[in-house]
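First up is the structure itself, then whatever we jot down about it.
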Amino acid sequence: MNELKTRADRFEEILRELGAAKYSFVLQESEKQEFNTEGSEFKLLRTTFGGSVSLQVFCGTRMGAAGGNDQSEEGLRALAETALASAESSPEDSAHDIAPDQGKDLFRQGALEPELDKLFERLQEMLADIKTSYPLVNIMAVISSYTKSHSLYRNTNGTEFERLRGSYDVTLEFSASDGTQNTGLDYVSVLTDT
């Protein structure tokens, strides 16, 4: 959690060094734990890490924006330079501004720690139920995951919003067969906090 704030502090230093007087940005990082099935066999277990940055800068009444996923010092500097160049070439608009200070707050949503054993058990239960209740349905693939994300929003008016979020996602790809009659492939996804 402190690493994201440290990166945000450094990003603000870079923005000030480059002459950005007014800006807002969001830094986000995530960790996804995923396991998948093909047919009824579990085939993949992996953990992936992600992150993103979005930035708006204001030069008078001109606004520039840039986004990316490189949160290294070099990446943040390049992003800031791109947003500033974008602002310099954008048209003036008196409506471009930042809202007044909204204070600081921390928002928590969903399951902040995964229950992967329970997720695995529930997936096995679901696959067994589908096989029993809908014998003509063929489950081609199941993609299931738990994702934990941490984001930090800041602007030059003093607002700082931090969000911690955890959620589960399950996607089923399926078709059905009855003798010589077959359906096309379809899918359904569910996103839940528990």
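What list of ³J(HN,Hα) values in whole Hz, one per residue of the range 52-66 in order, does the Karplus curve 6.51 cos²θ - 1.76 cosθ + 1.60 (θ = phi - 60°) give from phi, with Gly and Pro shown as x?
Listing the rounded values in order: 8, 9, 10, 9, 10, 10, 10, 10, x, 9, 9, 10, x, 9, 7 Hz.
For the chain, set up a GNM with springs between Cα atoms under 10 Å and report which of LEU18, LEU76, LEU55 has the largest fluctuation.
Top of the fluctuation ranking is LEU18.
Cα convex hull of the range 40-139: mean projected area in nm², to one decimal?
12.2
Give me the accessible area per residue for the chain, probe 1.4 Å, as a whole number in Å².
Computed with neighbouring chains in place, this is 59 Å² per residue.
For LYS43, list the lysines whose Cα falls under 22 Å from its own Cα; do not include residues on the same chain fewer than 8 positions away.
Reachable lysines: LYS32, LYS118, LYS131.
Provide the per-residue ³J(HN,Hα) series for the range 92-101, in order, calculated from phi with Karplus coefficients 6.51, -1.76, 1.60 and θ = phi - 60°, each as a whole number of Hz, with x at glycine and proline positions.
After applying 6.51 cos²θ - 1.76 cosθ + 1.60, I find 6, 8, 5, 7, 6, 6, 10, 4, x, 3 Hz.
If you work out Rg and Dmax of the Cα atoms in Å from the coordinates, which of [x] 22.6, 70; [y] 29.7, 89; [z] 18.4, 59 do you get?
[x]
Going by alpha carbons, how many degrees (0 to 90, nearest 10) lie between the helix axis of 2-17 and the longest principal axis of the chain?
Tilt of helix 2-17: around 40 degrees.
State the Cα centre-to-centre distance between the range 20-53 and the range 77-92 in whole Å.
The range 20-53 and the range 77-92 have Cα centres spaced 28 Å from each other.
Calculate how steeply helix 73-89 sits against the longest principal axis of the alpha-carbon atoms of the chain, using the helix alpha-carbon long axis, and give the answer as 0 to 90 degrees to the nearest 10.
The angle comes out at about 70 degrees.
For ASP193 and ASN157, FRET efficiency with R0 = 35 Å and r from the beta-carbon atoms, rounded to 0.05?
According to the calculation, E is roughly 0.65.
The values are calculated or read from the model by the stated rules, or taken from the named source; none is laboratory data. Quantities reported herein were computed from a predicted structural model and do not represent experimental measurements. Heads up, the Cβs are rebuilt from the backbone with ideal geometry, glycines too, and the neighbour counts pull from every protein chain shown. Note: accessible area is taken over every heavy atom of the protein model, side chains too, but ligands, DNA and RNA are not part of it. Shrake-Rupley method; radii C 1.70, N 1.55, O 1.52, S 1.80 Å.
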